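Nothing in this text is a laboratory measurement; each read-out follows from the coordinates by a stated rule. This one's a predicted model, so the numbers in the text were calculated from it and none came from an experiment. Counting neighbours? That spans all protein chains shown, and the Cβs are built from the backbone with ideal geometry, glycine included.
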Amino acid sequence: MTSKSGSIDLKILQILQENARISITELAEKIGLSPAPTLARIKKLEETGAIKGYRTIIDPVAAGLGIQAIIEIALTHQVKDSINRFKEEVNKIDEITECHQVTGNVDFVVKAMVKDIAAYEKMISEKLSKLEIISNMRTRVILATTKTTIVLPGNYSLPVNAKEKEVIQEEKNPDHENKVTD
């Protein structure tokens, strides 16, 4: 079960995923808090890693990257050293924008973006093919994209603790003093 504090944090995350440029004042209005506690919550979400950063989404075609491809990669050996070496090497290849270690008949699925087929062939022959730890590659060129989103599905939750419950009470009633009664 999500606490009131946790549900406010989730609401903040959902709103920021849709519009990270929203003003603190507008965000505070949408979640029912004043700006200062709203900003404090955002900073806490950043510090805990729930918010990893803010980015500008650029249209790949407008940026001159007309070819996008999914590449399935099988390694020669599924041992720690090979896996770690592949991860290190793939991080050096700028054209690869995503890399996922997966289960099944392949070990990794990567997404590459390049200017054209000639640039794709050059990336394969001069970069990926030189990795001796790769035993097999299979490419699927993306013809069209029906859906792409960075917004997480709405059915997730954040961990909640007793301190967070106290914080939400203080944020809702900033003038209220906690009195101990016997």
Phi-derived 3J(HN,Hα) across region 122-128 with the Karplus relation (6.51, -1.76, 1.60, θ = phi - 60°), rounded Hz, x for Gly and Pro, is 5, 4, 5, 6, 9, 10, 5
When all Cα-Cα pair distances of region 1-130 are considered, the percent exceeding 18 Å is 66
Dimensionless Rg/Rh of region 67-141, both radii on Cα and Rh by Kirkwood, sits at 0.93
Sparse-neighbourhood loop hits (GluC sites (Glu not before Pro), region 91-145; DSSP loop; Cβ within 10 Å at most 11 others) -> 132
Short to long, in 5 Å steps from zero, the percent of alpha-carbon pairs of region 18-95 per bin is 3, 10, 12, 13, 11, 11, 12, 11, 9, 5, 2, 0
Among 11/52; 122/147; 92/115; 87/127; 92/122, the pairs whose Cα-Cα distance exceeds 23 Å are 122/147
Once amide hydrogens are built 1.01 Å from N within the peptide plane, the residues lying 5 or more places from residue 97 or on another chain with amide H under 5 Å from its amide H are 111, 112, 113
Along region 98-110, Karplus-curve 3J(HN,Hα) (6.51, -1.76, 1.60; θ = phi - 60°) to the nearest Hz, with x for Gly and Pro, reads 9, 9, 10, 7, 10, 9, x, 6, 10, 9, 9, 10, 10
Output for region 1-110: trypsin sites (Lys or Arg not before Pro) sitting in coil per DSSP, at most 14 other Cβ within 10 Å, listed by number, reads 21, 52, 55, 92
Contact order relative to length for region 67-141, counting C-alpha pairs under 8 Å separated by 6 or more residues, stands in percent at 51
Over region 4-55, the quotient of the Cα radius of gyration and 2.2 N^0.38 Å is 1.00
Expected vector for region 6-21, Karplus 3J(HN,Hα) from phi with 6.51, -1.76, 1.60 and θ = phi - 60°, integer Hz, x for Gly and Pro, equals x, 5, 5, 4, 4, 4, 4, 4, 5, 5, 5, 5, 6, 8, 6, 9
